[in-house]
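One structure below.
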């Protein structure tokens, strides 16, 4: 299954799952769920490592920026997103905490997991939280395949894996479907976070999941995405968010699920995995084994953007997810006096959002928004609902841009050499306020992110980081990279890129236009 098919199937699971649930509720065919498995032992992040490359780099950041400040670096290219994750994993001396919505078993995901296991081999304590929804997508016939891999990795004495909102029934797709009917209200809540913390000194927060399309390694399509590397107090803030999830009732230890890890031990898999990665064309520019990163860290530290930060997340509270992120984002945007720049992959506004935007523009705040076009979308169903709000956004005074699937930046930021993908999607979730403050995280501007999934992100008060992110966003808005969406004199919507003008939304093919119509019939909350 290729990366694009995975995204489409995930979207299909959400839609079909709800329709089947509704049908079976009418037919009274639900079955009581089994008893929940036991929770894991409480745990907290280790104190910052006293020595090691990441302790050294934080010392430089403190010397340059001052106490209480963190150092930040935008990870714009997918190649940087992969390399800096490898750098933190390889540099960790005592702890690694990783929290991800998806972690695919493709070349990028396998390379990163190989390095995580190597870190554990040298004594690093690893905690990993994965959302359990995607386990159903790895092998349609044998869903235990991914379970077995998770159990095998979890068997390492220095690694513990916990699954968010785990399936209790794991023997087949049918059994999971039955459980989904009985627990639909809870199963629908997913953990959409993307977080890595190394030695409680360094963190990466942002939009990238772990998989080829997020790391620039897929020939089918790659995302234009964004993370931020943070060194300093921001790492401790990220650890506090991780601990909140690690100790919640929403996560289940893989060891408690009774999964057979197979006849071979983890060490027996090392040689086959290495051989597989060695012949992977997409990874020819990467060292497969753990390496030293002191020189790269030393060069990066003094040039990082200094700033004060606050980590924000929704809360996995007993029996419910409490959604703090919408209020945090609204408060941040409400502080704008001059300018708001929004780059967000999936936008489905509502009347309240339109009113907030109109209020901003009415008091002279310039609002520019960059999002996906139908052509660049990996989930066209989102566009089916977003498109109904285009005109309202423009009438509210928003300057609107939509990413081109053939953007000139594809080779620089989306594709990691030697990979050349068929088209570029857009997966960024970021904001710049008055060129002074930024938000970078996992939250889309739609109902699913606001009221169903759990989300997280970091707000940084830093003029230099804000200027860098603003320059990045404005580059993505250029005609070579995006369509400028405006109202024509007759009130219709039009798309302009240089001397090209369209009166219908750009699409890669006619099938996208068919999907765009079909998905209008499904509830907006699914996306």
Taking R0 as 30 Å and r as the Cβ-Cβ distance between residue 475 and residue 503, the FRET efficiency 1/(1 + (r/R0)^6), rounded to the nearest 0.05, comes to 0.65
When DSSP beta bridges are limited to those with both residues in region 305-526, what percentage is antiparallel, rounded to the nearest 5? 75
How fast does the chain diffuse by Stokes-Einstein, in µm²/s, taking the Kirkwood radius from C-alpha pairs at 20 °C and 1.002 mPa s? 91
Which value in Å is the Kirkwood Rh of region 305-526 over different Cα pairs? 18.1
Output ordering of 149-161, 73-85 (per-residue mean of other Cβ within 10 Å, highest first) is 73-85, 149-161
What is the antiparallel percent of DSSP beta bridges lying wholly in the chain, to the nearest 5? 65
For region 300-416, what's the relative contact order in percent, using C-alpha pairs closer than 8 Å and at least 6 residues apart? 22
Mind giving me the FRET efficiency for residue 322 and residue 392? R0 is 35 Å, r the Cβ-Cβ distance, nearest 0.05 is fine. 0.75
For residue 275 and residue 358, compute 0.36 nm times the residue count separating them, minus their Cα-Cα distance, and round to one decimal in nm. 24.2 nm
So what is the calculated 222 nm ellipticity per residue for the chain, using -39500 (n - 2.57) for each DSSP H run with n of 4 or more, over all residues, to the nearest 500 deg cm²/dmol? -10500 deg cm²/dmol
Sticking with the crude label model, points 7 Å out along Cα→Cβ, report the distance from residue 256 to residue 490 in nm, one decimal please. 6.2
Between rounded, prolate and oblate, where does region 441-527 land on the alpha carbon gyration tensor, with a ≥ b ≥ c its root eigenvalues, rounded for a/c under 1.5, else prolate if a/b exceeds b/c? oblate
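Computed from the coordinates by the stated procedures, all read-outs in this text should not be read as laboratory data. Here the structure is a predicted model, which is why all the values come from computation and not from measurement. Reconstructed Cβ throughout: ideal geometry from the backbone, glycine too, with neighbour counts over all protein chains shown.
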